[in-house]
Amino acid sequence: MRRFLPVLRTHRKELVRFLKFATVGAFGMVVDLSILNLLVSLAAWPLVAANSVSFSCAVLSNFTWNRLWTYPESRNRPIRSQLPQFLLVNLVGLGINNLVLLGLHSVFKAFLPTPYDYNAAKICAIGIVLFWNFFANRLWTYRGL
């Protein structure tokens with residue numbers, strides 16, 4: 001049993017990190033959805049443009065809170081190398097997000113009224129991209145922590 005304790009501690013630590021990452025992501029989702037809805041509903045922006053801006057605002061919020069709370073030991077690393085890594089991972093995430101958003105929006109708009117159609121698609125996209133962002137950032141941006 002003793003030799004399994006370090007493995008259990010490591011898995012528990014990663015689970016706690018994932019839960020913190022998801023909590024930060026939930027706050028980022030509020031940022032993302034709020035800005036998306038303001039840009040689409042009030043400013044009449046096209047969906048993909050509004051999504052790209054809202055996603056980018058959420059990424060900056062998420063980077064800040066992940067650096068401060070999820071991975072506080074990452075503050076020992078220079079931000080000028082860590083931020084570009086985080087942004088690159090999230091650029092791929094934005095591509096995934098836009099693809100899922102557009103694909104599901106075309107499905108949801110057949111039976112949901114606006115703005116529920118694109119919000120439902122956006123929430124699904126966020127859920128999918130959460131896993132990409134966590135694992136890619138864990139393996140690259142926050143490697144060794």
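For segment 101-124, indicate whether the set of residues that are in a helix (DSSP H, G or I), farther than 19 Å from residue 41 by Cα, modelled with pLDDT of 95 or more and touching a Leu at 6+ places or on another chain (Cβ under 6 Å) is non-empty.
Scanning segment 101-124 turns up at least one residue that is in a helix (DSSP H, G or I), farther than 19 Å from residue 41 by Cα, modelled with pLDDT of 95 or more and touching a Leu at 6+ places or on another chain (Cβ under 6 Å).
One residue is enough: does segment 110-120 have a residue meeting the conditions surrounded by fewer than 16 Cβ atoms within 10 Å (Cβ to Cβ) and touching a residue at least 12 places away in the same chain (Cβ under 8 Å)?
Of all residues in segment 110-120, those surrounded by fewer than 16 Cβ atoms within 10 Å (Cβ to Cβ) come to 110-116.
Filter once more, so that each one left must be touching a residue at least 12 places away in the same chain (Cβ under 8 Å): 115.
Checked against the condition, which is being surrounded by fewer than 16 Cβ atoms within 10 Å (Cβ to Cβ) and touching a residue at least 12 places away in the same chain (Cβ under 8 Å), segment 110-120 yields at least one hit.
Given the residues 39, 5, 33, 94, which is the only one that is modelled with pLDDT under 95 and either closer than 21 Å to residue 142 by Cβ or part of a helix (DSSP H, G or I) (or both)?
Result: 5 is the single residue among 39, 5, 33, 94 that is modelled with pLDDT under 95 and either closer than 21 Å to residue 142 by Cβ or part of a helix (DSSP H, G or I) (or both).
The values are calculated or read from the model by the stated rules, or taken from the named source; none is laboratory data. All of these numbers come straight from a predicted model, not from anything done at the bench. Glycine also receives a Cβ, built like all others from the backbone with ideal geometry; neighbour counts cover every protein chain displayed.
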